[in-house]
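> Sharing a structure below in structure tokens format, with a few things to ask.
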Amino acid sequence: MFEQEIEMEQRQSSVVPLLLIILMIVAFVGVAAYYVVQNQKVLPATEASNLIANSLKEGGPVTIQFRTGMVIASVAERPHGPNYRLLEKAGLLNIGKDKGRATPVTLTAQGRKLMADLPGVSKSKDAKDGTDIYVVPVAERVLSGTPQVTTMGMGRAKAEFTWAWAPNQVGELLDASGALVKSFNTWDRGTLIDKFNVKFYHGDPTKGTLYFARGDKGWQIAAAE
């Protein structure tokens, strides 16, 4: 009997440490799982950067439009306007002498090559007057630097960031601080800036703020606070 009691006490004494070890493991796994879940609720700067960059691209690039062929002057289309003359000064267009109400506008060799090589250029024909309509991308918005992410509560965050213009070859010609645009008078420069997407493409970056919410599909841009 005495030996059985001793054996039972030995078993109990070995079970207690085992239970403690199991409890410690369970607690450790629970704490680790908690931190994993909590980390998923924090918006990483890299993920915020991707979401912001995609948001900046949603509006598409800034574009300009012009026509070639026998262009008839109208309120919407002025072949002798500053936008056409800017492209002529840039060596992309030739503007001929008026023939009645129409003005012959043609692409130069340089213009034809650029329209063929530049990605995203759209060309269509106007069925009414036979002119070719070109829609040309000139610049897109891109994220500048790393956004500053602030957690605003469970599954909510705010990112403050800056973005800048990334002009292509045509966009460089349309830069408001460039020599080509500066060669126009004040009135024409104002018209180019107001109506024809001439901008300060190399100006200071622009500040922006976006809000985010975490849902079933991960982090998404949310409505402004």
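> What number comes out for the charge environment of residue 76, summing +1 per Lys or Arg and -1 per Asp or Glu over other residues with Cβ under 11 Å away?
Residues close to residue 76 contribute a combined charge of +2.
> Listed highest first by mean packing, meaning other Cβ atoms within 10 Å per residue, what order do 119-130, 179-190, 139-150, 101-112 come in?
Result, highest mean first: 139-150, 101-112, 179-190, 119-130.
> On a straight-distance basis, which lysines could pair with residue 182 in a cross-link, Cα separation under 22 angstrom, same-chain partners fewer than 8 positions away excluded?
Straight-line reach from residue 182, under 22 Å: 89, 195, 199.
> Something else now. Return 75, 170, 135 ranked ascending by Cβ neighbour count within 10 Å, so the fewest neighbours appear first.
75, 135, 170
> In 5 Å bins starting at 0, how do the alpha-carbon pair distances of segment 66-225 split up by percent?
Per 5 Å bin, starting at zero, the Cα-Cα P(r) for segment 66-225 comes out as 2, 8, 14, 15, 15, 11, 8, 7, 7, 6, 4, 2, 1, 0 percent.
> Now a separate question. More than 14 Å apart: what percent of Cα pairs in segment 62-137 qualify?
Tail of the P(r) past 14 Å holds 59 percent of the pairs.
> Still on this structure, I have one more. State the percent of C-alpha pairs, over all pairs in segment 138-225, separated by a distance greater than 19 angstrom.
The share of Cα pairs beyond 19 Å in segment 138-225 comes to 54 percent.
> Also, quick follow-up: Going Cα to Cα from residue 217, which lysines come in below 25 Å? Please leave out same-chain ones fewer than 8 positions away.
Within the straight-line cut-off, residue 217 pairs with 41, 57, 158.
Each reported figure results from applying straightforward, stated rules to the coordinates on display, with no laboratory input. Just so it is clear, the model here is predicted, and its values are computed rather than measured. Glycine also receives a Cβ, built like all others from the backbone with ideal geometry; neighbour counts cover every protein chain displayed.
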